[in-house]
Each structure stands twice: as C-alpha cells, then as structure tokens.
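The values are calculated or read from the model by the stated rules, or taken from the named source; none is laboratory data. Since the model is a prediction, treat every value here as computed from it, not as a measurement. Positions of Cβ are generated from backbone atoms using ideal geometry, with glycine treated the same way; all protein chains shown enter the neighbour counts. Side chains are part of the model used for accessible areas, which takes the heavy atoms of the whole protein and leaves out ligands, DNA and RNA. Shrake-Rupley method; radii C 1.70, N 1.55, O 1.52, S 1.80 Å.
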Amino acid sequence: MFLHKNHLSIYLLFSIALILFIFKLLFNYYLALPLHFDEAQYWDWSRNLDWGYFSKPPFLAFLIKTITITCGDTENCIRSLSPILHSFTGVIIYYTVYTITRNQYTSIFGSLLYLIMPGVIFSSLFISTDAPLLLFSSLSALFIVKIFNNKNNKSIYFFFLSISLAFGILSKYAALYMLISIFTSIIFIRESTKFFINTKFLLCILGIIIIIAPNINWNLQNNFVTFSHTASNANLKGLQLNIHSAIFFFASQIFIFGIIPFVLTFKNIINFKNIKVLQKVVFLNFLIPIILVLFLATFSRANSNWAVVGYPFGCIFLASIIDKKKQFLIKACLTNQFIFSFVLLIFIFTLPNFKIDPFYKIRHIKSLAIQIENELKKTKNVAFMAD
C-alpha cells in the first residue's frame, strides 16, 4: 500500500523538524552554558507567577513553570522550550503556505526557510520571549489566511485570531505590530476592508482586550512599569538622529532573516500593486515592523530582534509568491540559510572566551557564583549587589 503524496510531504517535514529539534537539544547540551541573566530572570518569574513583570508580559513565565514541572530546573530543561516552540512554528508555517498554494514543495520550503533561519538557530540556544511571540505570530498569519480563504464560517477564525493575537501580546508587546500592520492594510489595500471592517473584527479586538485585561490591570496597579520600561529601553526621551544605528539595525535584519531570502522578499515593494490581496496583507505584516523599528533606530536605538514578529509572515509570503519553476532560487535561499547557520554554530564553538563570542559574558558565571557564595558564607549579614 502506497502513501499518498500529501502524507509523504507531511512525514518528510515532521522528520526534518524532529531532526533539527534533536540537534538543537544536543547542541545546547554540549554547549553547557549557564543561564544568561535575562533567562535567569524569566526562570525566577516562573517561581513567582503573576499577571505581569518589570520588563515583560507574563506568558513566558507560565511556560517555563510548565516545563520545569515536567523535567526540572536545569538549564537544558528551561532552554528546551525554545526549540519546541520554534518547531511548532515551522509546522504552522508549512500548513499556512499549503493553505495558500496547495503545493507541498513550496510549503516545505517556507517551513525550512524558518527552521534553519540564522536568527532562529541562534534563538534556539536560549529561552526568550521571542520564541512564544513567533509561535503566535505564525498562528495569527494562519488565521488571517483562513479568514481570506473561507467564504463561510469566518467567525471561528476571527475567534482564533483574537486568541493568538492576545497570547502574542502577553508574550511580548511587539505583537502589537501585527495589529498596526492589519490597520495599515485596511488603509492602503482597499480590497482588504471587506475582510476587516465588520462586526467580527470588532469582536476580535474586544476579545483581545478581555484576554489581556489581567495584564492591563497588573500594570495599572504597578504604575504601568512594564510600558515605562519598554519606553525607557527604546530611549524615547533622548531622540536624536542616529544613522549608524539605523544602518546597523537594517543590516542585522538581512543577516538574521537570511541575505537571499530577505532580498527576494523585500524587492516585492516595487511589485506591490501586482500582488494578490492576501499576499499584500501578509507582506505588510513582514514589512511594517521593520519600518517602525528602523524609524526608531534612526532617532534613538533598537535591538536587532525588535522586528522579528514579522518573520513568520515573511517566510509565508516568500514561499507563496516564489516562482515554483525557478527552483534555483529556492535552493539558493535554503543554501543561504544552511551556510550562515552552520558558520554561526561553528563560530560559537570555536571562539569561546573572546569578546566577539556572543556568550563571552556568561560562560564563567557558575565559577564566579561559587566564589561569591564562599565570600558571603564567610561574613554574616551581608548581601551581594551588582549592576
């Protein structure tokens, strides 16, 4: 009995995703890094669950609590969340592309474009709010596609879109860029208004507000500390022209997303009028976060990962629009992702203890902590404070 072609493509994707997942777990195990101070902070939050925290919304803390109950409070256990979430994101991207194109080849391409993206490979080495954010970004993309592709029963997809956007916001406030992108598409894409200017979309927005209400209430009780921290991090009070910061941010997007995939995706700005309505909406969800953060970087500062919320949309867009006959472009994109990710991993393994090593500051935290602990034990009634 022969397997259906569709089933074979799904099995192939799951096999690749599983292999990559196991590889990331093993790489983390052999790298044996202590928790970065941000990771340690997230882990500490998971031991004191609340509806908000100083610098981030609460969803990651709940996830870490779940995983530590399952396998313990070790670095590998906590970090395993990242490759787990990225793997699910890759599978969702496959299904979303397939929903648009009905082509297994381009669907696997879209998924692999994400799974071996240099930024995703690097992100898999630690746990951060980006991992759940990207998962809910891909889910939001899926439900937007479902809304456009289904003439009937749209209410259920607006309901799920509301949940995915709300959980994205509870993961990281950068998820709000997706709402900004949707409103931008309403303004600039006349044909999209019939999909979003309706009661269902208004109920979707209401649903988001209801779901994130506990976090809003927490911020009200704590002087909106999370929002003020975010504004402080963006240095909004010290605005001044900073071309170097803008160039660095834009260059970082090219390398994180992948040089060839980024160029192929970005050049569609020129061809925007000829793109289908759904693909325009998906493209704007990739483009708008980059534009907004680039503007911020031009007049203040911005971290390289502040626009990653649009990356799943970018993978979906490129996979859905690329000419299937030009297989050399697909191979070029995947080769780009593989080479840059491979070089990145070799770089991390071969350059420990150098200041260009991205983990230079944390490789010796455990030995330092033991020394500090010994000093604290020698004297009573003292505490350790650090910048």
For the range 63-76, name all the residues that are crowded, with 17+ Cβ neighbours inside 10 Å and at pLDDT 95 or above. LEU63, ILE64, ILE67, THR68
Under the condition of being in a loop (DSSP other than H, G, I, E, B) and in contact with a Leu (Cβ under 9 Å, 6 or more places away or on another chain), which residue from the range 361-377 is least open to solvent (accessible area, probe 1.4 Å)? ILE362
Please verify whether LYS56 is in a loop (DSSP other than H, G, I, E, B), under 30 Å from ASN215 (Cα atoms), open to solvent by 20 Å² or more (accessible area, probe 1.4 Å) and basic (Lys, Arg), treating the condition exactly as stated. yes
Please name all residue pairs, on different chains or six or more residues apart, with Cβ atoms under 6 Å, provided the first residue is in the range 14-35 and is outside any helix (DSSP H, G or I) and the second residue is of a type outside the set (S, T, N, Q) and open to solvent by 40 Å² or more (accessible area, probe 1.4 Å). PRO34/ILE365; PRO34/LYS366; LEU35/GLU75
Exactly one of LYS380, LYS324 is over 30 Å from ILE247 (Cβ atoms), basic (Lys, Arg), in contact (Cβ under 8 Å) with a residue 60 or more places away in the chain and open to solvent by 70 Å² or more (accessible area, probe 1.4 Å), and that one is LYS324
Please go through the range 24-53 and pick out each residue that is of a type in the set (S, T, N, Q) and surrounded by 19 or more Cβ atoms within 10 Å (Cβ to Cβ). ASN28, SER46
Assess whether TYR105 counts as being open to solvent by 30 Å² or more (accessible area, probe 1.4 Å), touching a Leu at 6+ places or on another chain (Cβ under 9 Å) and over 25 Å from ILE254 (Cβ atoms). no
Exclusive hit being in contact with a Lys or Arg (Cβ under 9 Å, 6 or more places away or on another chain), more than 30 Å from ILE216 (Cβ to Cβ) and surrounded by 23 or more Cβ atoms within 10 Å (Cβ to Cβ), set ILE127, ILE93, ILE121: ILE121
Restricting attention to the range 325-372, report how many residues are over 23 Å from ILE116 (Cβ atoms), of a type in the set (Ser, Thr, Tyr) and at pLDDT 80 or above. 1
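Matching residues to (1) touching a helix residue (DSSP H, G or I) at 6+ places or on another chain (Cβ under 9 Å); (2) more than 28 Å from PRO34 (Cβ to Cβ); (3) small (Gly, Ala, Ser):
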{"residue": "ILE321", "(1), (2), (3)": "yes, yes, no"}
{"residue": "LYS326", "(1), (2), (3)": "no, yes, no"}
{"residue": "ALA332", "(1), (2), (3)": "yes, yes, yes"}
{"residue": "ASN336", "(1), (2), (3)": "yes, yes, no"}
{"residue": "SER341", "(1), (2), (3)": "yes, no, yes"}
{"residue": "ILE348", "(1), (2), (3)": "yes, no, no"}
{"residue": "PHE359", "(1), (2), (3)": "yes, no, no"}
{"residue": "GLN371", "(1), (2), (3)": "no, no, no"}
{"residue": "LYS377", "(1), (2), (3)": "no, no, no"}
Within the set of pairs 6 or more residues apart or between chains, which connect a residue that is within 14 Å of THR96 (Cβ to Cβ) and at pLDDT 95 or above inside the range 148-159 to a residue that is of a type outside the set (A, V, I, L, M) and assigned to a helix (DSSP H, G or I) with Cβ atoms less than 8 Å apart? TYR157/PHE143; TYR157/LYS146
Quick one: would you say LEU170 is crowded, with 24+ Cβ neighbours inside 10 Å, assigned to a helix (DSSP H, G or I) and in contact with a Pro (Cβ under 8 Å, 6 or more places away or on another chain)? yes
Those residues of the range 289-319 which are open to solvent by 20 Å² or more (accessible area, probe 1.4 Å), touching a helix residue (DSSP H, G or I) at 6+ places or on another chain (Cβ under 8 Å) and in a helix (DSSP H, G or I), in sequence order: LEU292, LEU294, LEU296, THR298, SER304, ASN305, TRP306
Considering only residues that are closer than 22 Å to PHE14 by Cβ and in contact (Cβ under 8 Å) with a residue 60 or more places away in the chain, which ones fall in the range 64-85? PRO83, ILE84
Testing LYS331 on (1) part of a helix (DSSP H, G or I); (2) surrounded by 14 or more Cβ atoms within 10 Å (Cβ to Cβ); (3) over 23 Å from the mean Cα position of the chain (by Cα), one condition comes back false. Which one is that? (2)
